[in-house]
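Provided herewith is a single structure, encoded as structure tokens, for subsequent inquiry.
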Amino acid sequence: MKNLHLLAISVGMSIGSAAMAEPSVTLYGIFDGGVSVSKLQHQSAKVQMTNGNWLSNRWGLMGQEDLGGGNSVFFKLEQGFNLSNGSEATAGKAFNRETALGLSGDWGKLGFGRFGGLSSDCGTFSILGGAAYSTSFSTIGNMYGAFYLTERYNNSVAYVTPEFGGLQGQLMYSNGTDTDEEKWSHNSHYYGAGLTYNKDRLSLDVIYELLDHKGAADQDKTRLLNLGASYDFGAFKLFGAYEYAQHAALPRIEFAEEKMSEAYNAGKANNYHAFSLSTSVKAFGGDLMVQGQYVFGKNKNSGKLEEGWDKKFNAYSIGAGYLYNFSKRTLVYVQGAWGKANKALNLAPGLSGWNTSLGVMHRF
């Protein structure tokens, strides 16, 4: 009888241990849709249903399992979609926003998969700071209107150090930003190193990134240095950011003519300085944010520019958004922005004009 009692206790303890080690899986998502009115230079005024104005539409799965000894394994699968028509955000990619598998413990966090670069403002490993709403709302009025921000890259590995007195380091490498099926010297690689400091009301970040563009016929290495800071004064929060971009494509601009794109976004491309200053204030039960950007620089492809094409460029924009939370999961927003691009940046639509939007965001 005593042996049976001990056996029952042993089995119960085993079941309890197994239950504690059971993995947790979470289904989550964001729905964001609204109506926008815009008038961009060289384009007619438009009224559109727009997707993901405040936060991009997505659904995903993430999970974690305790491995014991303070270690755990985690995963994340996240797909973007367009609320207005149900299509994939990126055609052909089931989980275009992020796929990650990794380990974490007292020694830090290590992840493998597809995720955003350190300055991308996308996903688990981005540490971009220094702006009230960074890349939300429209290109006119957000950081995309002045900064070269990295994207999501395939074949990536990232490591995050433990925190030391508010300091935390981050490293990321992509073995092939698109594919790594060719030999190493023919695959385009991404390298990123960053450091963050978060203590009390002060937040700082510094990010250095390099895109080597290996395999490209005519493209110099792109180097990026980003600095961001914010301080919470209580009544309001102040943000500031700076970027130096070397041999980088112009910020978020598309040319109708291929030869113009080759002249401005390939070869030695452009060197420029970008700045952002913004604030966030509690107002009328919600959050009011105002954000401004400025960029100036010079094209380095002197021999490729045709007559009438400017070598220098600059642009500035200002945007404002107001968020009102009905609950922890649902909010409404209104936003407006205005911008002006000059010289080389005035050759294509996208950075000059105005826009405004009204919408709802719900998360589950």
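The values are calculated or read from the model by the stated rules, or taken from the named source; none is laboratory data. Because the structure is predicted, anything quoted here is derived from the model rather than measured. No Cβ is skipped: glycine too gets one built from the backbone with ideal geometry, and neighbour counts run over all protein chains shown. Keep in mind that these areas ignore ligands, DNA and RNA; they rest on the heavy atoms of the full protein, side chains included. Shrake-Rupley method; radii C 1.70, N 1.55, O 1.52, S 1.80 Å.
With all protein chains present and a 1.4 Å probe, how do R329, R252 order by accessible area, largest first? Intermediate values should be presented prior to the final figure.
On the way: R329 140, R252 120 Å².
Final ranking, largest accessible area leading: R329, R252.
Hey, another quick one. Choose one of H186, N154, F164: the residue whose Cα lies farthest towards the positive end of the charge dipole of the chain (beta-carbon charges +1 Lys, Arg; -1 Asp, Glu; about the Cα centre).
F164
Let me ask something additional. What accessible area per residue comes out for the chain, rounded to a whole number of Å², with a 1.4 Å probe? Walk me through the intermediate numbers first.
Numbers: 18300 Å² over 364 residues.
Value for the chain: 50 Å² per residue.
For the stretch 210-364, place one equal point scatterer on every Cα, skip the solvent, and apply the Debye formula. What is log10 of I(q)/I(0) at q = 0.11 Å⁻¹?
The Debye formula, applied to the Cα set alone, gives -0.57.
Another question about this same structure. Using just the helices of the chain, give the 222 nm mean residue ellipticity in deg cm²/dmol: DSSP H runs with n ≥ 4 each add -39,500 (n - 2.57), and the total is spread over all residues, rounded to 500.
After summing the helix terms and dividing by residue count, I get -2500 deg cm²/dmol.
Please give, to one decimal in nm, the separation of the simple spin-label points placed at Y173 and E262, each 7 Å out from Cα toward the Cβ.
Result for the modelled spin labels: 3.4 nm.
Also, quick follow-up: In whole angstrom, note down how far apart the Cα centers of the stretch 331-364 and the stretch 239-259 are.
Distance between centres, Cα-based: 17 Å.
Over 25 Å between C-alpha atoms is what I'm after, so list which of K183/K221; K259/K343; K304/K343; K46/K268; K300/K343 land there. Walk me through the numbers on the way to the answer.
Details: K183/K221 18 Å; K259/K343 17 Å; K304/K343 16 Å; K46/K268 36 Å; K300/K343 15 Å.
In this structure, K46/K268 lie more than 25 Å apart at Cα.
Obtain the nm distance between the two label points defined at K312 and N271 by a simple spin-label model: each point lies 7 Å from its Cα along the Cα-to-C-beta direction.
1.5 nm
In addition: Gap in Å between the Cα centre of the stretch 43-88 and the Cα centre of the stretch 150-171?
After rounding, the separation between the Cα centres reads 20 Å.
Out of these labelled values of semi-axes √(5λ) of the Cα gyration tensor in Å, (i) 37, 29, 20; (ii) 42, 22, 19; (iii) 40, 26, 20, which was calculated from the coordinates shown here?
Computed from these coordinates, semi-axes √(5λ) of the Cα gyration tensor in Å corresponds to label (iii).
Another question, then. Translational D (Stokes-Einstein, µm²/s) of the stretch 121-254 at 10 °C and 1.306 mPa s when Rh comes from the Kirkwood sum over C-alpha pairs?
Here the translational diffusion coefficient equals 99 µm²/s.
Express in nm, to one decimal, how much length is gained between R363 and K221 on full extension, taking 0.36 nm for each residue of separation and deducting their alpha carbon distance.
Taking R363 through K221 to full extension adds about 47.2 nm, to one decimal.
Fully extended, how many nm does the chain gain between K343 and D232 (0.36 nm per residue separation, minus their Cα-Cα distance)?
Contour length minus the Cα-Cα distance gives 36.2 nm.
Related question: With a point put 7 Å past each Cα toward its Cβ, work out how far E182 is from N85 in nm, to one decimal.
Going by the 7 Å Cα→Cβ label model, 3.2 nm.
On a C-alpha basis, how far is the centre of the stretch 123-145 from the centre of the stretch 89-107 in Å? Whole number, if you could?
20 Å
Another question about this same structure. In Å and whole numbers, how far do the C-alpha atoms of the stretch 46-106 stretch along each principal axis, longest first?
The Cα atoms of the stretch 46-106 stretch 57, 24, 12 Å along the principal axes, largest first.
By how many nm would the segment from V25 to N71 grow when fully extended, if each residue of separation counts as 0.36 nm and the alpha-carbon distance is taken off?
Once the chain is fully extended between V25 and N71, it gains 14.9 nm.
Over the chain, what percent of the accessible surface lies on carbon and sulfur atoms, probe 1.4 Å? Show your work: numbers first, answer last.
Values: 10640 of 18300 Å².
Roughly 58 percent, rounded to a whole number.
Looking at the stretch 202-269, I'd like the Rg to Rh ratio, where Rg is from alpha-carbon atoms and Rh is Kirkwood's inverse mean 1/r.
Reported Rg/Rh (Cα atoms, Kirkwood Rh): 1.17.
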